[in-house]
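The values are calculated or read from the model by the stated rules, or taken from the named source; none is laboratory data. Keep in mind the model is a prediction, meaning the values are calculated, not measured. Cβ coordinates were reconstructed from backbone atoms using ideal geometry, including for glycine residues, and neighbour counts include every protein chain displayed. With ligands, DNA and RNA removed, areas are computed over all heavy atoms of the protein, side chains included. Shrake-Rupley method; radii C 1.70, N 1.55, O 1.52, S 1.80 Å.
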Amino acid sequence: MTRRLLLLGASGNIGTQALDLLENDSSYELIGVSVGSNLAFLERFLSTWRHSRITHAYLRGSGEELRRFQERFPGVSFYNGDDGLGRLVEECPADFVLNALVGFAGFFPSYVASRLGKMLLLANKESLVVGGALIGQQLALHRKKIIPIDSEHVALAKCLEAAAGRKIEKFIITCSGGPFYGKNPTELSKVTPEDALAHPTWKMGRKITIDSATLFNKGFELVEAGYLFGIDPSSIEVRVDRRSRVHSALLLEDGTYLADVGPSDMHGPISHALALGRGHEGVIETDDLESIPGSDFEPFDPAKSKAIDLVLRAYRLGGTALASLNAANEEAVHLFLEKRIPFLSIYEAASLALTFPIVKEGDLGWGPEALLAADRFARQEIRKRYL
């Protein structure tokens, strides 16, 4: 049976790679897309995509631009505006939603998809970082699970399948360390956006590349793994593989490791997600992670990772704390890329977010609206602080 798919973030890094795979995958019928403000991409895509009948699309544009698209493509229902993504997820008759949006913008569409019982293929880690508890509640009601797309979480899922019920001692997530691993604060105070965007092993979007340079991305991945696999994020070990050959690993109770090994390319993880998480190709068993050919492990000192510490502190605070931290980080990254603040101010902004008011789970008003309000408040405060 063909699976009807809605692709959110079709014009981004993950979205375009997903389209590469969908072009030759007859098991899916792509019926809906969102592209943000990349209207040239949307026009070209709707004019040339031959493999599925697109019936629903979101664009971030003016009313005049929306009318132009409606006139040119009368068979497509178009959405825009602040509530457009949520309405797109609600009204597009897709059974599967691949969320490749960047940042907090991906949370509400993920929440709506989970509330409606749609299968969620997730590349937007912020959905779980800020709203994992809420999304988890909705998934439990529908007896659904999330299929991860992040390479580290795909790797863990593959290793769990390869473990075949053997007892697990520890979850291990790897990182390259980014372009600044090992640099001291004096050196970091001088780095430019161009320096930070020069990731040593991965080609990614600008936001996630900066998050990789600060290691906030790694902290967010720990929280995401916690929700995906039902474990305490602080119990996950981080190891540095400078060449990004080992994506993640499990240490089994008998002392052996299961490790997912492969190139720094997202086509593999996306393909695994489109196969609904089946298979564990690329997983090897070894007594020593550092002996894996092509890997380049270095010691990781948690005490030197301010970003991971801040993320785990926000996680322990609970409620809207992670929503505030994520918003502060997003705004600070944007300001850094505009060369309005120095690199180290990203950490300062995230630290400030931990002082903002928190609505806890179970408090009056707790829910998606509380997360949206915390996000707005944090952005306003960070912009007031630095502009």
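Relative contact order for the stretch 57-196: what is it in percent, counting Cα pairs under 8 Å that are at least 6 residues apart? Don't skip to the end; give the middle numbers.
Details: 138 pairs, mean separation 20.3, N = 140.
Relative contact order for the stretch 57-196 comes out at 14 percent.
For a protection proxy built on the mean count of beta-carbon atoms within 10 angstrom, sort 227-236, 254-263 highest first, please.
On the way: 227-236: 16.5, 254-263: 18.3.
Peptide ranking by packing, descending: 254-263, 227-236.
For the stretch 325-387 and the stretch 60-137, write down the distance between their C-alpha centroids in whole Å.
One Cα centre to the other: 23 Å.
What's the extension gain from L364 to S62 if we count 0.36 nm per residue and subtract their Cα-Cα distance? Provide the component values of the computation, followed by the final result.
Values: separation 302, 0.36 × 302 = 108.72 nm, distance 3.67 nm.
Residue separation times 0.36 nm, minus the Cα-Cα distance, leaves 105.1 nm.
Pick out which of A105, A353, A332 has the largest mean-square fluctuation in a Gaussian network model of the chain, springs linking Cα atoms closer than 10 Å.
Its mean-square fluctuation being the largest, the pick is A105.
Share of the stretch 164-241's accessible area from carbon and sulfur, percent, 1.4 Å?
Numbers: 1650 of 3290 Å².
Reported share for carbon and sulfur atoms: 50 percent.
Can you list the HN-Hα couplings for the stretch 213-228, worked out from phi with the Karplus curve (6.51, -1.76, 1.60; θ = phi - 60°), rounded to whole Hz and with x for Gly and Pro?
Result, rounded to whole Hz: 5, 7, 6, 4, 4, 5, x, 4, 5, 5, 5, 4, 4, x, 6, 5.
Of the cross-linked pairs K218/K360; K190/K384; K183/K384; K170/K190, which ones have a Cα-Cα span greater than 27 Å in the structure shown?
Table pairs above 27 Å Cα-Cα are K183/K384; K170/K190.
Give me the 1.4 Å probe accessible area per residue for the chain, excluding ligands and nucleic acids, in Å².
Details: 16730 Å² over 387 residues.
I get 43 Å² per residue for this part.
Using the beta-carbon distance between A275 and L197 and R0 = 41 Å, what value does 1/(1 + (r/R0)^6) give for FRET efficiency, to the nearest 0.05? Could the numbers behind the result be given before it?
Working: r = 32 Å, r/R0 = 0.78.
It comes to 0.80.
Counting DSSP beta bridges with both partners in the chain, what percentage is antiparallel, nearest 5? Kindly include the intermediate steps, with their values, before the conclusion.
Details: 16 of 43 bridges.
Antiparallel bridges: around 35 percent, rounded to the nearest 5.
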